[in-house]
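J.: The structure is given below, and queries will be raised subsequently.
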Amino acid sequence: MEGKLAAIADAAKGAIAACGSLEALEEIRVRYLGRKGELTELLKSVSSLPPEKRAAFGAAANRAKQEVSALLESRKAGLSAESDARRRKADALDVTLPGRRAWVGRRHPLSQLMDEVIEIFHGLGFSVAEGPDCETEWNNFEALNTPRDHPSWNLQDTFYLEKPPNLLMRTHTSPVQIRVMESQKPPVRIIAPGRCYRRDAIDASHMPVFYQCEGLYVDRDASLADLKATLTYFARQLLGEDVKIRFRPHFFPFTEPSVEYDFSCVFCQGKGCRVCKQSGWLEISGAGMVDPNVFNKVGYDPEVYSGYAWGMGLERVAMLRYGIDDIRLFYQGDLRFLEQF
Ligand code: PHE
């Protein structure tokens, strides 16, 4: 029995010394000191010894048990400390590593350009007016002197909302003119940037959703010369002193006379190239003197007041400015494109 006790105790001590993890140490504890552990069993067997041997063997076995227990405890403390140290080392902050820079996004090219446009007109005393994307027929067409049989009234060309009273997605930002004039007296000096909607098939130059920036000036003696000066100033601010501007007669229901205006091609300086289709000019949008009928609809006296208005397609200006030949690029969210701005 004594020999067996010594062998078990030695084996336990050796295992504890060689053990490398807290889990393995726990296994050793169970193996020797658990309820059915080898030392535990040996202690239980003391009762089966002849009485004269019990005391000595019992004392020896208890001593062995206490030794093993103490070794287990101290090994446990050592292993915990080691594993703490290892974890601390693994988690340690290496201050010599180069930092990771936070990824910073940027404004969409159309937003950037819109800010620039607004800034330029701010400089001329225009302030920003806004209206809802969803409009009434009155604001979008009727008050703008647009006859019922005008193509854009057509259900085919305009997104109407399903429920009466015939609300629609605005086809231009011109209804903001009406909102402003119906809510304030002249003088008026506003620009109206915003989204517009038309039932266009998507291709390189058409999107069913796009941006315009309308402008409106109303006072006692506004003239076509003022309109030309305003747009010329704008063109030079945006595209440089050398840009030329051209006005061509046109028709809009809400302006009379009406023009379309073009900027000289910024890519070939008007010589003719692929972008301007050899014409030397890039078409921007429409403009004109506010039609007296529009003033009548909003309660301004056309005998006293005159005004000019102009439109602007933001994507178009952006495409001209950056030499982009496909409008879809603005709406695809492709970072390779967007990160260039
Ligand atoms: N609203 C017109 C369009 O969308 C542009 C325009 C605005 C024309 C103001 C004249 C005056 O085509």
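The values are calculated or read from the model by the stated rules, or taken from the named source; none is laboratory data. Here the structure is a predicted model, which is why all the values come from computation and not from measurement. Cβ sites come from the backbone with ideal geometry, for glycine too, and all protein chains shown count toward neighbours.
J.: Buried (at least 20 other Cβ atoms within 10 Å of the Cβ), at negative phi, at pLDDT below 95 and more than 12 Å from the ligand (Cβ to nearest atom): is that true of LEU282 in this structure?
T.: yes
J.: If you check every pair at least six apart or on different chains, which have Cβ atoms under 7 Å apart with a residue in the range 163-175 that is in the same structural domain as MET312 (by TED's automatic domain parsing) first and a residue that is charged (D, E, K, R) and away from the ligand (no atom under 13 Å from the Cβ) second?
T.: ASN166/GLU137; LEU168/GLU137; MET169/ASP133; ARG170/ASP133
J.: To continue, here is another question. Of all residues in the range 50-103, count the ones that are under 30 Å from LEU22 (Cβ atoms) and in a helix (DSSP H, G or I).
T.: Adding up the residues that qualify gives 32.
J.: Here is a further query. Name every residue in the range 147-160 that is under 17 Å from PRO132 (Cβ atoms) and in a loop (DSSP other than H, G, I, E, B), in order of residue number.
T.: Looking only at the range 147-160, we keep the residues that are under 17 Å from PRO132 (Cβ atoms), and these are 158-160.
Once the filter is applied, which keeps residues that are under 17 Å from PRO132 (Cβ atoms) and in a loop (DSSP other than H, G, I, E, B), the range 147-160 yields THR158, PHE159.
J.: Further question on the same structure: Name every residue in the range 172-200 that is of a type in the set (Ser, Thr, Tyr) and surrounded by fewer than 21 Cβ atoms within 10 Å (Cβ to Cβ), in order of residue number.
T.: Pass one, the range 172-200, residues of a type in the set (Ser, Thr, Tyr): 173-174, 183, 197.
Once the filter is applied, which keeps residues that are of a type in the set (Ser, Thr, Tyr) and surrounded by fewer than 21 Cβ atoms within 10 Å (Cβ to Cβ), the range 172-200 yields SER183, TYR197.
J.: How many residues, within the range 123-167, are under 27 Å from the mean Cα position of the chain (by Cα) and either more than 14 Å from the ligand (Cβ to nearest atom) or of a type in the set (Asp, Glu) (or both)? Before you say what the answer is, go through the steps one by one.
T.: If we filter the range 123-167 for residues that are under 27 Å from the mean Cα position of the chain (by Cα), which is where we start, we get 127-135, 159.
Now narrow it down to the ones that are either more than 14 Å from the ligand (Cβ to nearest atom) or of a type in the set (Asp, Glu) (or both): 127-128, 130, 132-135, 159.
Number satisfying all stated conditions: 8.
J.: Something else about it: Take the residues of the range 210-242 that are surrounded by fewer than 19 Cβ atoms within 10 Å (Cβ to Cβ) and without any contact (Cβ under 8 Å) to a residue 60 or more places away in the chain: which is nearest to the ligand (Cβ to nearest atom)?
T.: Among residues in the range 210-242 that are surrounded by fewer than 19 Cβ atoms within 10 Å (Cβ to Cβ) and without any contact (Cβ under 8 Å) to a residue 60 or more places away in the chain, the one nearest to the ligand (Cβ to nearest atom) is LYS228.
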